[in-house]
Amino acid sequence: MDRINEAELLRRYTAGERDFNGLDLSRARLSGVNLSGVNLSEANLGSAVLDEADLSEASLRNAWLNGAILERVNLSGANLESANLEAVYIRDANLSRANLRNVWFAYAFAQRSNFTGVNLSGAILHETSLDNALLIGADLQGAELDQAGLSDANLSGANLSGTILKEADFDNRRLLPCESYFLQYHYARWKYCEQYFWV
């Protein structure tokens, strides 16, 4: 994997280049930069600092972002399918409409982040903190949220079909419309047929 430094990345991006597939940017310091629409698929961004960066509509498929600092980052409309987001710090971030299908998102801190309309189907979110997060209309089909923190999270209209929520923390949880969801909880499959239910 070829290494590139921050200055070279920004110089080439400013010149109009967008394809940085598979490059090594681990531990890079890119706070507040504009990289909207960039292709960083399969790139190594482990432990990188990207707080307040604009990565809207970026491609980060299969990228490594484990341990990265992404506080207040803009990832709206970004494609992070199958990316590694283990232990990222991504509080107060905008991930609306992003594709996070099959991401490894365990042990992360994502409080107060906006996941409205996000595809998180098949994602692994073991022990991830999503307290106060917006998950309105999110697709969580088959996602695993064992021991995840969801206090005061807004899951209105979310698809929880087959979602595993073993020992998830729902303190101050909201009511969700039933809509005949099949919710896997404590590995038991239940069908809720009342107007509202607690999860």
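The values are calculated or read from the model by the stated rules, or taken from the named source; none is laboratory data. For clarity, every value in this text was computed on a predicted model and none was experimentally measured. Here the Cβ positions follow ideal geometry from the backbone for every residue, glycine too, while neighbour counts run over all protein chains shown. We work out accessible area using only protein heavy atoms, side chains counted, and drop any ligands, DNA or RNA first. Shrake-Rupley method; radii C 1.70, N 1.55, O 1.52, S 1.80 Å.
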Just by accessible area at a 1.4 angstrom probe, what is the order of ILE164, ILE90 from largest to smallest?
ILE164, ILE90
Square roots of 5 times each gyration tensor eigenvalue, C-alpha, the stretch 53-143, largest first, Å
15, 14, 14
Note, the stretch 95-111: 3J(HN,Hα) by Karplus (6.51, -1.76, 1.60, θ = phi - 60°), whole Hz, Gly/Pro = x, goes 10, 4, 6, 6, 9, 10, 4, 6, 6, 9, 10, 7, 6, 9, 10, 10, 4
Please state the relative contact order of the chain as a whole percent: Cα pairs under 8 Å, 6+ residues apart?
10
With a ≥ b ≥ c taken as the square roots of the eigenvalues of the C-alpha gyration tensor of the stretch 1-97, please select rounded if a/c is under 1.5 and otherwise prolate if a/b is larger than b/c or oblate if it is not?
rounded
Taking the DSSP beta bridges in the chain as the whole, what percent of them are antiparallel, to the nearest 5?
15
For every other residue with a beta carbon closer than 12 angstrom to the beta carbon of GLU167, add +1 if it is Lys or Arg and -1 if Asp or Glu, then tell me the sum.
-3
Between beta-carbons, use under 12 Å as the cut-off and find the net charge around SER36, counting Lys and Arg +1, Asp and Glu -1.
-1
Roughly how many debye, to the nearest 20, is the charge dipole of the stretch 129-171 about its Cα centre, given +1 on each Lys and Arg Cβ, -1 on each Asp and Glu Cβ, and no other charges?
160
What percentages, rounded to whole numbers, describe P(r) for the chain computed over all alpha carbon pairs with 10 Å bin width beginning at zero?
10, 39, 29, 15, 6, 1
Euclidean distance between Cα centres, the stretch 100-119 to the stretch 32-81, Å
13
Accessible area of the chain divided out per residue, in Å², using a probe of 1.4 angstrom
44
I need the semi-axes of the equivalent ellipsoid of the stretch 106-152: take the C-alpha gyration tensor, multiply each eigenvalue by 5, square-root it, list largest first in whole angstrom.
14, 14, 8
